[in-house]
Amino acid sequence: MVALAVLAGACSGDDDSPAPEPADQAGAPTLRQQPADLDVKIARVSGALTKADANALSKRLGRVVATWFDGGFLDGDYPRSSFSGYDAFTPGAARLARHDADVTTNAQLGSEWEQVVPTRQVVRLYVFAPGHRASGATAKVELVMVGAGESGSASELAVTGELYLTKTSKGWRIFGFDLHRSVGAPGAYVDQLRAQRDEQHGPSDKQGQPKQQKNKNKQKGKHDKSRRKGRA
């Protein structure tokens, strides 16, 4: 087992994305919202990197995470039962990820959905760079997507948590993960973020004044959650 310290820090993205809606309930499912682009930023460096090195590292690590996002969830035609993305992992971590495919891929919903739109792809990097050289990183990730089935009904899948990355002879790879999977109605994840923000800071009106909370527990469908983690 390889140990890697996890740096503290929250990652919730910068924008609250509205939930997409199926365009035609009677016909083939069509999700109206434009796909969200991959958003990768370095949140903190423990050590030091030049701006050029930091930008290059952000792109490299972003490509690794995108390989998993795409292979495990976004690429390919739906409905489907086969998923990939394991090239982003070290061999040992890939075995663990395959074992936990119910969280590390969209295997559970792949056969039910006919269309998928990513509504949130956020990656925040916490980099270890002693001696001005990056040696490891923790990626806090948020991947949220909405899928529609044959009936046109839509549901939302959110996979969030942490990926642990190290530099290998084949480049940067994921050697561990601690991921949460949740399923709910479209918009439930953003509702959850807003509720957490309100709990921390208190809700406010448009003038920035605190306002009374109404229907505090009202959300667009409570998420069913599961968690998987492993390191190799």
- Item | Relative packing of peptides 39-48, 129-138, 110-119 - highest average C-beta neighbours within 10 Å first | 110-119, 129-138, 39-48
- Label-to-label distance, nm, for residues given as Ser82 and Thr50 (7 Å Cα→Cβ offset): 4.5
- Task: Give, as a single signed number, the net charge of other residues whose beta carbon lies under 9 Å from the beta carbon of Val123, with Lys and Arg counted +1 and Asp and Glu -1.
- Result: +1
- Restricting things to alpha carbons, find the Rg to Rh ratio for region 26-182 using the Kirkwood radius for Rh. 1.02
- Considering amide H positions built from the backbone, and no H for Pro or chain starts, which residues 5 or more places from Thr30, or on another chain, come under 5 Å of its amide H? Ala23, Asp24
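None of the figures in this text is laboratory data; all of them are computed from the coordinates on show. Bear in mind the structure is a predicted one, so any value in this text is a computation, not a measurement. A quick note on method: Cβ atoms are made from the backbone with ideal geometry, for glycine too, and the neighbour counts reach across all protein chains shown.
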